Amino acid sequence: MIFTSILILIVAIALPSFKRNISSLLITRISAIIFIYSGALALNAFYIQSIGSGLGIYSGLFHVTIISQLLDVLLLFLSALILMSWPLITSAYYNKVLNKNINKKTLLTGDSTKLNNIGNYIPTTEYCLIILFSALGSTLLISASDLVSMYLSIELQSFGLYILATLYRDSESATASGLKYFLLGALASCFILLGAGLIYSYTGLTNFESIYSLISVFSISYLPSNLISGISLGIIFIFIGFLFKIAAAPLHSWSIDVYDDSPTQVTIWLTIIPKIAILTLLLELTNGLSLITLLNLPLLYIDNFSNNLFNVSYNISYVLKMLLLISSLFSLVIGTIVGLAQTRIKRLLAYSTISHIGFILLALAINTEQSIDSFIFYIIQYSITNLNIFLIILAIGFILNKKGITKNWILDFDIKYLYNFKGLLFINPILSLSFVICLFSMAGIPPLAGFFAKQFVLLSAIEDGYWFMAFVAILTSVISASYYLRVVVLLVTPSTNLQNSNNSNNASNSTITESNSILTNVHSFLISTITLSILLFILKPTILLNSTQLLSLSLFYS
């Protein structure tokens, strides 16, 4: 569906008669509708009976399961919600250019020379196509079951992200961060390609199921030791490359500058969509290798052949478990400690993301029915909460902006520093309250959804004997709450500058009222709906919790 829509949009944009009558705002809305319709089609696939044990498509290059379908639906609907915030830029620009006497028709069609000069900072049709391409790569990566489809999907996703990271074409910092993202992202892709190449060179196989079968059928006595080492090393390289892609510590340094220097709309995309796809693939790889051990447990004491067989699968699973636990430990510590010293909001949220990745990797490393249940639930609640936080930051940036059009006009709408939130409660109490609820949920304060997500991960860690990791996770969670509370304190602290600015603006046509009119009804509806779902989760939690539990059970017993 997405691929067909991309082809149709490319043809429509290439035709001059259509291009003159199609605005960037219309293309953005069409792209959001494409995501919604694709999500509805993916949701309808749940009615396929044979999908319970998985359904191979395209000659085994992709493997569709219930979990991949659920996360695919989540990804597509979140993509639609993210795109719905993009027209807000055009609406804000529309309110500003009216003061400059730019013709309304010229604004909507995008043919003006002035509009083209500022078009470097507007989400034009090309950027909507890039987002569609990136989303296509993410949806394919979720269901990838072959080394070839895995690598092509991750590259299709990454190329779009490299371009989106440099959305501010005339900004030196944005260009530098985009170049850093491209170079280090290419390095991570090289690790993934190297790992895939090692596995293929030693086994001659690319399909995941075939690789799992090879490990489970043969023993050390039948396979040379260098073959086992080659397979293990290739899997480790693949995992390192993907850990780099999701900005898990200690491979996180690139994400801080990229998130901070990118537009807020792009930062939303970078922190949510790629991570859902990559974490789903890591779940597939981890579970596939771990199930080999579980299947061979009854054969452990039959004879020496079965004992060797168990040792092969056990060693690979053990190495991956240690790799995920080490990365989880570094992510929890670095994301919490370094985040305390941040004074820029998006850098703080970047370290917050790293800390949450630590919880997710901890649940993935444990790899039991309960931990996978918490893994899926954590991804869902984190994605929704993180989306709402950035939507609120985007709305606050438009409300607080009272400047005219400048050369880099849209840069004024991106909130950079924490002190920009000072006294916001006295300007827009409802938006501030929504922001506080989301921050409390990220901090894990009960009875919000974030608290239950962390509780489930910690409970699964304690029950499986990971006492040290559980202690570190609890300690870092308590410490990280301090930098969320610091933002809350700034919201309720009166600001002299804002009060003086409000008095002067009230004397000249009430700028705050005009700024509030910039927010679209869709944007306000999204913020209020997501905030209420986070706040009222405790009233009806069974639907989501039962769904994630059934999905985790289907992964182990299908």
> Looking at the range 448-468, which of its residues are within 24 Å of the chain's Cα centre (by Cα) and outside any helix (DSSP H, G or I)?
Replying inline: L448
> Which residue out of A42, A80, A14, A32 is at pLDDT below 80 and not basic (K, R)?
Replying inline: A14
>> I'd like to verify a number: residues in the range 207-225 that are in contact with a helix residue (DSSP H, G or I) (Cβ under 7 Å, 6 or more places away or on another chain) and either modelled with pLDDT of 90 or more or not in a loop (DSSP other than H, G, I, E, B) (or both), how many?
In response: 6
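Looking only at the range 166-181, filter to residues that are more than 13 Å from K245 (Cβ to Cβ) and modelled with pLDDT of 85 or more; which one of those is surrounded by the most Cβ atoms within 10 Å (Cβ to Cβ)?
Out of the qualifying residues, it is K180.
The rows are residues; the columns are (1) surrounded by fewer than 23 Cβ atoms within 10 Å (Cβ to Cβ); (2) charged (D, E, K, R); (3) without any contact (Cβ under 8 Å) to a residue 40 or more places away in the chain.
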site: G335; (1), (2), (3): no, no, no
site: V338; (1), (2), (3): yes, no, yes
site: R347; (1), (2), (3): yes, yes, no
site: I357; (1), (2), (3): no, no, no
site: N367; (1), (2), (3): no, no, no
site: I376; (1), (2), (3): no, no, no
site: S383; (1), (2), (3): yes, no, no
> Could you list, in sequence order, the residues of the range 227-250 that are crowded, with 19+ Cβ neighbours inside 10 Å, without any contact (Cβ under 8 Å) to a residue 60 or more places away in the chain, touching a Ser or Thr at 6+ places or on another chain (Cβ under 9 Å) and hydrophobic (A, V, I, L, M, F, W, C)?
Replying inline: none
> When only residues in the range 162-208 that are small (G, A, S) and without any contact (Cβ under 8 Å) to a residue 12 or more places away in the chain count, which is farthest from I273 (Cα to Cα)?
Replying inline: G204
> Taking the condition in a helix (DSSP H, G or I) and at pLDDT below 85, does I228 pass?
Replying inline: yes
> Scanning the range 252-273 for residues that are surrounded by fewer than 23 Cβ atoms within 10 Å (Cβ to Cβ) and more than 23 Å from L81 (Cα to Cα), which turns out modelled with the lowest pLDDT?
Replying inline: S253
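Which of the residues spanning the range 253-267 are in a helix (DSSP H, G or I) and either out of contact with any helix residue (DSSP H, G or I) (no Cβ under 7 Å at 6 or more places or on another chain) or outside the structural domain of L179 (by TED's automatic domain parsing) (or both)?
S253
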> When residues of the range 403-423 are filtered for being assigned to a loop (DSSP other than H, G, I, E, B) and either under 20 Å from F435 (Cβ atoms) or modelled with pLDDT of 85 or more (or both), how many remain?
Replying inline: 5
> In the range 521-558, which residues are in contact (Cβ under 8 Å) with a residue 24 or more places away in the chain and aliphatic (A, V, I, L, M)?
Replying inline: V522, L526, I527, I530, I534, L535, I538, L544, L545, L551, L553, L555
>> Looking at L147, L140, L187, L179 in this structure, which one is among the aliphatic types (A, V, I, L, M) and within 17 Å of the chain's Cα centre (by Cα)?
In response: L140
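The values are calculated or read from the model by the stated rules, or taken from the named source; none is laboratory data. Computed from a predicted structure; not experimentally measured. Neighbour counts run over all protein chains shown; Cβ positions are idealised from the backbone, glycine included.
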